[in-house]
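Asker: Dropping a structure here in structure tokens format, bear with me for questions.
Each value in this text was obtained by applying a stated rule to the coordinates, not by laboratory testing. Being a predicted model, the structure only gives us computed values, none of them experimental. Counting neighbours? That spans all protein chains shown, and the Cβs are built from the backbone with ideal geometry, glycine included.
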Amino acid sequence: MLDDLTGKIALVTGASRGIGRAVALALAQAGADVAVNYLVREAQALDTVKTIERLGRRAITVRADVSRAAEVAGMVEVIEANLGQVDILVNNAGIVSHQPLAEITEEDWDRMLAVNLKSAFLLTQRVLPGMRARGWGRIINISSVAAQTGGVTGPHYAASKAGLLGLTHSYARHLFTAGITVNAIAPALIETDMVVDLKAGPELIPVGRFGAPDEVAAVAVLLARNGYITGQTINVNGGWYMS
């Protein structure tokens, strides 16, 4: 266990708002310097960076479509030049679409899988060589209760989030002896813009309320500090799915 994350460099994708922003701030509070990835919400990403800097940590924004290999490579190069090599990767960027089954197109499927699943593969492959060389790394994939229950948003979303669990297990198995842990967090109905857009209600959750982004972020910090937890899915779901 690390008492703090001082000296570690974290990359959080989709960190301009919601869970990603909360994770970025929590990692900074624990001592890490943070790269804040975003795609379209530049102002919110800059606000996240300013908040991190007020905590006394270094931070930069890095714009990239994480479903595209060339943009992932360019983003990591910028991070390495300005902060250092990535020690903690949080694959949080994702999209959701609530569509009737009959209206889901092949294009919808491909885009969902590219943003929610392929991006985690591209980013992990890009930062792994440095983690291996240093003998230390933390990879945290933000999945969803939809991976376990099918969720309420559609099969393309559920499949993308279930794929993250398989990706987590495989990388963890290959990296047991490399000093690198790989874990997933599976939230349910965390109070973010994404959940508001879905018009889902807290009555779906056994504890009777939405979760808070900080409750997910606290688990991400735990996983970043702990070197003995790997290949696991931590459920932050108010009791919706029990394991």
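Asker: Rank these for me by crowding, 241, 157, 171, going from fewest to most other beta carbons within 10 Å. Could the numbers behind the result be given before it?
Answerer: Details: 241 16, 157 26, 171 22.
Fewest to most other Cβ atoms nearby, the residues stand as 241, 171, 157.
Asker: Still on this structure: Collect residues whose amide H, placed 1.01 Å from N in the peptide plane, falls under 5 Å from the amide H of residue 36; neighbours closer than 5 in sequence don't count.
Answerer: Those lying under 5 Å, H to H, from residue 36 are 60, 61, 62.
Asker: Related question: For the residues 67, 16, what sequence is obtained by ranking on other C-beta atoms within 10 Å, fewest first?
Answerer: Values: 67 22, 16 25.
Fewest-to-most Cβ neighbours within 10 Å comes out as 67, 16.
Asker: Okay, next question. What do you get for trypsin sites (Lys or Arg not before Pro) in region 1-76 restricted to DSSP loop and a cutoff of at most 13 other Cβ within 10 Å of the site's Cβ? Don't jump to the answer; show the numbers that get you there.
Answerer: Values: sites: 8, 17, 21, 41, 50, 54, 57, 58, 63, 68; in loops: 8, 17, 41, 57, 58, 68.
Hits after loop and neighbour filter: nothing returned.
Asker: Now for a separate question. Can you check how the C-alpha radius of gyration of region 9-236 compares to 2.2 N^0.38 Å, as a plain ratio?
Answerer: Working: Rg = 16.5 Å, N = 228, 2.2 N^0.38 = 17.3 Å.
Compactness ratio reported: 0.95.
Asker: Tell me, 55, 117 in order of fewest to most beta-carbon neighbours within 10 Å?
Answerer: 55, 117
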